[in-house]
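First comes the structure, then the notes that go with it.
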Amino acid sequence: MEKMARVSTALGGNTLTGRTMFCHLDAPANAISVCRDAAQVVVAGRNIFKIYSIEEEQFVEKLNLRVGRKPSLNFSCADVVWHQMDENLLATAATNGVVVTWNLGKPSRNKQDQLFTEHKRTVNKVCFHPTEVYMLLSGSQDGYMKCFDLRKKDSVSTFSGQSESVRDVQFSIRDYFTFAATFENGNVQLWDIRRPDRYERMFTAHNGPVFCCDWHPEDRGWLATGGRDKMVKVWDMNTTRAKEIYCVQTIASVARVKWRPECKHHIATCSMMVDHNIYVWDVRRPFIPSAMFEEHKDVTTGIVWRHLHDPYFLLSGSKDSTLYQHIFKDASQPIDRANPEGLCYSLYGDLAFAAKESLISSDSNRKPYIGDRRHPIFFKRKLDPTEQFEYISSSSALSVFETDVESGSMDWFVHTAKQYALAGRPLAELCDHNAKVAKGLDRNQVAQTWTMLRIIYSSLGTMSSTNLNHSMGKGSTTLPLMNSFNLKDIPSGLGSESRLDRSKGESRTENILMDSSSTLINNEDNEETEGSDVPADYLLGDVEADEDDLYMMDHENPHAEEQEYSLPQEAFPLRHEIVDNPSALDHLQDKADSPHVSGNEAETVSLTPVESFSLISISHSLYENRLPSDFFNPIVRDTLLFYAEQGDVQTAVSVLIVLGDRIRKEIDEQTQEHWYTSYIDLLQRFQLWNISNEVIKLSTCRAINCLNQASTTLHINCSNCKRPMSNRGWICDRCRQCASMCAVCHHVVKGLFVWCQGCSHGGHLQHIMKWLETSSHCPAGCGHLCEYT
Amino acid sequence: MNRLSAGSIGGGGSAASAAGQYRVCGNCRKVPRQEKRVQVSPPLTRGPSAFIPENEVMQANGLDERTNLLVEEYSTSGRLDNITQVMSIHTQYLESFLRSQFYMLRMDGPLPLPYRHYIAIMAAARHQCSYLINMHVDEFLKTGGIAEWLNGLEYIPQRLKNLNEINKLLAHRPWLITKEHIQKLVKTGENNWSLPELVHAVVLLAHYHALASFVFGSGINPERDPDTSNGVRLIAVNNFCVCDLANDNNIENASLTSSNFGIADSLSELEALMERMKRLQEDKEDEEASQEEMDTRFEKEKKESLLVISGAFDDEIVSTDVSRYVEDPGFGYKDFARRGEDHLPTFRAQDYTWENHGFSLVNRLYSDIGHLLDEKFRMVYNLTYNTMATHEDVDTTTLRRALFNYVHCMYGIRYDDYDYGEVNQLLERSLKVYIKTVTCYPERTTKRMYDSYWRQFKHSEKVHVNLLLMEARMQAELLYALRAITRHLT
């Protein structure tokens, strides 16, 4: 803490010197203020009211203003201010509503000068006029601001904010007559001191109380405000409407803001609760404070720059009963600890990388990542050299690495996602269908997998012998497949599969020779090769897939964990409550599509018959030398892991859904969740909303399942007055009209409402459906050819 | 005589409370002879409240808006409980009340749903409020709670059990809560609470303690519609003893409206009150009170609150179906003023206010609840119709503030900028008795207390008073608890 950095600045004659130092106060401070000559500071709090002189090495107590026999509430200060014109003059705001002025020039021990007891509630803030000696302004909890002339006994004028408590008042520095007041309800008012009847301007600055404000010392139109909503906002008041020009989001409610002298864009803030640090922000760079003082151990309650024209010395008082002088040199700069690189993948495998220019320029010559088929593009953003950034001197470069069109194409993904059938039919049919889809897209390995699955899990007597060959065929393809990965010139996705095709042809011919009675051995074979498959591919597999995988892991991991922490506990009861709704929704969704069974039903539909089949097949297997399907579970699991590892979560998740309970227990929940979230994320990035929703619905993971139950509110505006409807969906509170009328029956729709996105006419779902059977024009008669999906 | 009430019916696998067991009402025993044999059910009066005639509740201003709100509430929660009905006299308030309650019970939050309802049960049990307990036993089961827990505190997980201490303190002597209590709960270990969970629990506890005050203060009747009791219900609905509502009033007394006794008397009372209010508002500074004077006034008010309650109560015998949710039932409100040897410092309101500190903390740890509570506090503090009894266009600010601050005063919270002499001038003794009872030991509220103050005032105004008391109490509890959490954090 005892940093020895010494700073001195020349300020037109007198020089400020000092170091980071502190002294213990006897009690928590509520506010501090400095004398004009920057040599003394006053500290005020509930049980303290003292003046310290700021020496070279330490603070020295000069004067204790709390005198008298009994402690009075008049000494219990909420705020203190030292006059910037007259160094003998101070004013305090007491928690009991009294405004007290103090004259240090008094010869007696008691320096109390005047007492104004006009406010009914706590006075939150007092403020001297910057150029007028006798003018004092106060703002109180009772909602009034009062202006006092210190030569008179009573207030000169009273300003009523017509709203809740006043939290801060500040005279404009340049504008002689103007002051700003901030309120508990989030408003800021501008007043002309000559016109107590009405404010000049008012605007809502924050959500919740505005705790503080500060006029910019140089730019007279700028006002900074800080609120409970954790924001610091800078307003340009020169225009007719106050315009928010900068906004800084902090981590706790903002108690004080103070512009840094001589630095146009810098502002110091401290917070009301929880956070004890003092931050200095560059308002143009709102995401990271440019400097940070971390000395205090409890909430900082008062900050003030030591001298009007010196940006390097900051004084602060705190609830931890200390008074600090901070030197800018000793401030910690979070920017040094920030990671200046950013990296992101696009949907099609393009990679964007942003970093400091200095890093890039040396690296870009080497191009370590860039293969032959990738072309880097560079964007550079040079900052305006005229701007004098103290800490924002760096410029950054953005590079984008594109993958070439062929390998980057994700068409197969989209097609597969659209065409796969995941539920609603017997397992065998699903597998067949999906195998056909995969084959149609030249993804033979995947097609094989589907076929295998069908054989394993739903083997009927008819297919047993012929299809067994397929399963073996798959097993033996793995050897030639490994070779195919060595051929690097072939674009990975296509290459391996066409290769696979060929090799499969070969292997099939081999397999025909095999006897069906040797299934057992072959299956063991199968297992082994499958096992060796994974590492082999991991080594040889293409870079793209791996990176993709990596990316998804990174991205989804924390997300999934978070969900696991909070959601599952609630998910149960919520689901029970709305158990009726999904089926209703199903009708809505599937009205045009093929009949579709909701997740649970599908499970039971496909499950029961298949289960019985497998029983039969066991009895058959005795006879045919076949094994129960459970036997293959480890293999299937490895297959899925293999696909997921390769970056093809689509296959993994699809198989998972189709097989349902048969395989679910083999794979641990977390992995499944991982796959689901990855796949859903991918689907959503391709804007395949319906499919992602279907996957969510069919998933057996609890954490995934309840994704559908989050944010189920639909906000609508009234069709008459265009205002949001708050209470009910069918009647507008404002215009007292029924907003959603059925265009067919002209009654109010209170249940399912469907409307055309083109002309926004609609009505009861059933009515519209019926109407559309006979006519394609809008039932409202607007002439629109309604489009429903 | 001892009135016998039907025991709880141990359904749903809980065998702890034997079916058909007879119990003795704790309160009635104290007044054995005054009461004639009273029918257990149906309750004294029909309608949602035993204190307020049904038609008073049903007819109120702004009917349109009110019906809308009630319809909405019915459609979201599937029922309209008596609390909602009584509160609906003050529609504006009801809206923010329901919104915050809905949020803390049903929306995203750190605690699982059954926990929330169980905590509500624990909180209500501190004041033996069987009405709330019944309501949340239902909810608890509906949200998938483990039925075994309803057998009592021995059956719940240690983690929930740990909450007992803070529940007890918060309900009766919140000023005793220290950061050590918080530390004990959040200390890492098997059964620790995370801060967000703890804040959620504290908010729930405070809410249900305060709501119990409202329930007793307004004499809320048990729900009578049968369709809610179709499901599993561990406790019989009607074990709610009539004497809880009206200790020593028989039926005639209950139907006796306050208007036919002492009209002239109460009229002049009202006039005098209004006169005093006016004087307070007009000339504040004619009697410049010295600092010591102010201090003594606060102390005096604090001390006097000590004497306010008449007649000592013994430790009550709590019916078993409530007591199984209560640990250390003997622990009750002990006057802040009667602190004796351990000198607890007065809580200075300005040093830890809801607006500045409480809000920020609560909102940080349990997002959005801060806004809802803030709106509710603000609503109740500013709610006024500018009427007093038969008079219109009255500024009731001083009166409302006196009520609010008096509650805080009893909890040892002092406002520097408030002259506690006002309390003395504005709140008559019978009202103070009522306030003290409702906030500190609501289970002892009687209809007589309710009737005996402000005889000229409308029922809706008395409900308004109850709302103020309830929110003031909740805020006081929250302030103490949150201050302890803040201290733990720093």
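The values are calculated or read from the model by the stated rules, or taken from the named source; none is laboratory data. Computed from a prediction, not measured in an experiment: that's the story for all the values here. All Cβ positions, glycine included, derive from the backbone under ideal geometry; neighbour counts span all protein chains shown.
Of the helices (runs of 4 or more DSSP H) lying entirely inside segment B:160-220, the ones with 3 or more residues being β-branched (Val, Ile, Thr) and modelled with pLDDT of 90 or more are found at B:195-217.
Would it be correct to say that B:Leu150 is surrounded by fewer than 24 Cβ atoms within 10 Å (Cβ to Cβ) and either closer than 24 Å to B:Thr437 by Cβ or out of contact with any His (no Cβ under 6 Å at 6 or more places or on another chain) (or both)?
Working: surrounded by fewer than 24 Cβ atoms within 10 Å (Cβ to Cβ): no; either closer than 24 Å to B:Thr437 by Cβ or out of contact with any His (no Cβ under 6 Å at 6 or more places or on another chain) (or both): yes.
Spelling it out, it is not the case that B:Leu150 is surrounded by fewer than 24 Cβ atoms within 10 Å (Cβ to Cβ) and either closer than 24 Å to B:Thr437 by Cβ or out of contact with any His (no Cβ under 6 Å at 6 or more places or on another chain) (or both).
Considering each of B:Ile156, B:Ile182, B:Ile166 in turn, give the residue that is more than 17 Å from B:Leu478 (Cα to Cα) and buried (at least 16 other Cβ atoms within 10 Å of the Cβ). First the steps, then the outcome.
Values: B:Ile182 fails: more than 17 Å from B:Leu478 (Cα to Cα); B:Ile166 fails: more than 17 Å from B:Leu478 (Cα to Cα).
Of the residues listed, the single one that is more than 17 Å from B:Leu478 (Cα to Cα) and buried (at least 16 other Cβ atoms within 10 Å of the Cβ) is B:Ile156.
Can you confirm whether A:Lys329 is within 14 Å of chain B (Cβ to nearest Cβ) and either of a type outside the set (Phe, Trp, Tyr) or out of contact with any Lys or Arg (no Cβ under 8 Å at 6 or more places or on another chain) (or both)? Criteria not met by A:Lys329.
When restricted to residues that are over 49 Å from the mean Cα position of the chain (by Cα) and outside any strand (DSSP E or B), segment A:88-102 contains 1.
Counting only residues that are among the polar types (S, T, N, Q) and either closer than 17 Å to A:Lys258 by Cβ or at pLDDT 90 or above (or both), segment A:1-57 holds 4 of them.
Residues that are among the aromatic types (Phe, Trp, Tyr) and within 14 Å of chain B (Cβ to nearest Cβ) number at least 1 in the following strands (runs of 3 or more DSSP E) confined to segment A:103-174: A:112-116, A:144-149.
May I ask you to verify whether A:Gln684 is on the phi < 0 side of the Ramachandran plot and modelled with pLDDT under 85?
Values: on the phi < 0 side of the Ramachandran plot: yes; modelled with pLDDT under 85: no.
Judged against the criteria, A:Gln684 is not a match.
Of the residues making up segment A:131-157, those that are exposed (fewer than 14 other Cβ atoms within 10 Å of the Cβ), within 13 Å of A:Thr117 (Cα to Cα) and not charged (D, E, K, R) number 0.
Please indicate, with yes or no, whether at least one residue in segment A:722-730 is within 14 Å of chain B (Cβ to nearest Cβ), modelled with pLDDT of 70 or more and out of contact with any Lys or Arg (no Cβ under 9 Å at 6 or more places or on another chain). Looking for residues that are within 14 Å of chain B (Cβ to nearest Cβ), modelled with pLDDT of 70 or more and out of contact with any Lys or Arg (no Cβ under 9 Å at 6 or more places or on another chain), one finds none in segment A:722-730, hence no. For segment A:175-212, give me the residue count where each residue is part of a strand (DSSP E or B), touching a Phe, Trp or Tyr at 6+ places or on another chain (Cβ under 9 Å) and closer than 20 Å to A:Gln249 by Cα. Residues in segment A:175-212 being part of a strand (DSSP E or B), touching a Phe, Trp or Tyr at 6+ places or on another chain (Cβ under 9 Å) and closer than 20 Å to A:Gln249 by Cα: 5 in total.
Could you go through segment A:302-311 and let me know if any residue there is within 14 Å of another protein chain (Cβ to nearest Cβ) and out of contact with any Cys (no Cβ under 9 Å at 6 or more places or on another chain).
First, pick out the residues of segment A:302-311 that are within 14 Å of another protein chain (Cβ to nearest Cβ): none.
Among the residues of segment A:302-311, not one is within 14 Å of another protein chain (Cβ to nearest Cβ) and out of contact with any Cys (no Cβ under 9 Å at 6 or more places or on another chain), which makes the answer no.
Out of the residues in segment B:116-149 that are in contact (Cβ under 8 Å) with a residue 40 or more places away in the chain and either basic (Lys, Arg) or in contact with a Lys or Arg (Cβ under 9 Å, 6 or more places away or on another chain) (or both), which is nearest to B:His200 (Cα to Cα)? So the residue we want is B:Arg116.
Out of the residues in segment A:213-248 that are within 14 Å of chain B (Cβ to nearest Cβ) and in a strand (DSSP E or B), state the one that is surrounded by the fewest Cβ atoms within 10 Å (Cβ to Cβ).
Taking segment A:213-248 as the starting set, the residues that turn out to be within 14 Å of chain B (Cβ to nearest Cβ) are A:226-231.
Going one step further and asking which of them are in a strand (DSSP E or B), we end up with A:226-227, A:231.
Numbers: A:Gly226: 33, A:Gly227: 25, A:Met231: 21.
Once the filter is applied, the top-ranked residue is A:Met231.
Set side by side, the residues B:Tyr450, B:Tyr418, B:Tyr434 differ, and just one is within 14 Å of chain A (Cβ to nearest Cβ) and either of a type in the set (Gly, Ala, Ser) or surrounded by 23 or more Cβ atoms within 10 Å (Cβ to Cβ) (or both), which is B:Tyr418.
Figure legend. Inter-residue proximity from segment B:386-412: first residues in contact (Cβ under 8 Å) with a residue 40 or more places away in the chain, second residues among the acidic types (Asp, Glu), beta-carbon distance below 6 Å, spacing 6+ or different chains. Indicated pairs: B:Cys409/B:Glu301.
Name the single residue, out of those in segment B:149-172 being within 14 Å of chain A (Cβ to nearest Cβ) and not charged (D, E, K, R), that is nearest to B:Pro112 (Cα to Cα). Spell out how you get there, then give the answer.
First pass over segment B:149-172, keeping only residues within 14 Å of chain A (Cβ to nearest Cβ): B:157, B:159-160.
Filter once more, keeping what is not charged (D, E, K, R): B:157, B:160.
Working: B:Pro157: 14, B:Leu160: 12 Å.
Only one residue fits best here, namely B:Leu160.
Taking A:Pro311 as the residue in question, decide whether it is in a strand (DSSP E or B) and surrounded by fewer than 23 Cβ atoms within 10 Å (Cβ to Cβ). Spell out how you get there, then give the answer.
Details: in a strand (DSSP E or B): yes; surrounded by fewer than 23 Cβ atoms within 10 Å (Cβ to Cβ): yes.
For A:Pro311, the condition - in a strand (DSSP E or B) and surrounded by fewer than 23 Cβ atoms within 10 Å (Cβ to Cβ) - is met.
State yes or no: is B:Leu399 away from chain A (no Cβ under 13 Å), within 30 Å of A:Ala94 (Cβ to Cβ) and surrounded by fewer than 22 Cβ atoms within 10 Å (Cβ to Cβ)? So B:Leu399 fails the test.
In the set (1) away from chain A (no Cβ under 12 Å); (2) within 18 Å of the chain's Cα centre (by Cα); (3) under 22 Å from B:Leu94 (Cβ atoms), the condition left unmet by B:His408 is number (3). Within segment A:661-670, being part of a helix (DSSP H, G or I) and either crowded, with 16+ Cβ neighbours inside 10 Å or without any contact (Cβ under 8 Å) to a residue 24 or more places away in the chain (or both) holds for A:Arg662, A:Ile663. Taking segment A:410-504 and the helices (runs of 4 or more DSSP H) fully enclosed by it, the elements with 3 or more residues that are of a type in the set (A, V, I, L, M) and either under 14 Å from A:Leu659 (Cα atoms) or at pLDDT 85 or above (or both) are at A:427-440, A:444-457.
Within segment A:260-283, can one find any residue that is among the hydroxyl-bearing types (Ser, Thr, Tyr) and either surrounded by fewer than 23 Cβ atoms within 10 Å (Cβ to Cβ) or more than 28 Å from A:Ala78 (Cβ to Cβ) (or both)? Scanning segment A:260-283, I find no residue that is among the hydroxyl-bearing types (Ser, Thr, Tyr) and either surrounded by fewer than 23 Cβ atoms within 10 Å (Cβ to Cβ) or more than 28 Å from A:Ala78 (Cβ to Cβ) (or both), so the answer is no.
Taking the criterion of being more than 12 Å from every other protein chain (Cβ to nearest Cβ) and not hydrophobic (A, V, I, L, M, F, W, C), the residues of segment B:369-396 that qualify are B:Lys376, B:Thr384, B:Tyr385, B:Asn386, B:Thr387, B:Thr390, B:His391, B:Glu392, B:Asp393, B:Asp395, B:Thr396.
Within segment B:127-148, the set of residues being over 25 Å from the mean Cα position of the chain (by Cα) and either farther than 17 Å from B:Pro112 by Cβ or more than 14 Å from chain A (Cβ to nearest Cβ) (or both) comprises B:Ala147, B:Glu148.
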